[in-house]
1. Using the per-residue mean of other Cβ atoms lying within 10 Å as a proxy for protection, in what order, highest first, do the peptides 64-77, 35-48 fall?
2. Between residue 54 and residues 5 or more places away or on another chain, which pairs have amide H atoms under 5 Å apart, with H built 1.01 Å from N, and which residues are they?
Amino acid sequence: MNASDSLCALEIAEHRRRILNKPLSHWNHIDLGYWLTSIGFGFCANEICQKLNYTGSVLLTITEEEIMNAGLPISEDLASVLYMEILLLQIYDCEG
């Protein structure tokens, strides 16, 4: 990891900390992009946001079937991982 990678990782971590303090219903596409990047989905964050028109409000009600049927550029296993991360996010949001 070089200095620019470290800086990028710190920036992503700082954005993640800030957005996790906001209710999901207030998240915008930028917040979602940083969150996706922070959980390892940065390689397809733009496509996920565009194909599903994701905002924080959508994350509150999205189903695994909707993720699987969205035609995302990820395997079925990764789609399941993404859904589990969303479920954790929903729990965190309810507890916050």
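Here, each number is a calculation from the coordinates, and none is a lab measurement. Bear in mind that the values here come from a model prediction, so they are computed numbers and not experimental data. Cβ: placed from backbone, ideal geometry, glycine included. Neighbour counts: every protein chain shown.
1. Highest to lowest by the protection proxy: 35-48, 64-77.
2. none
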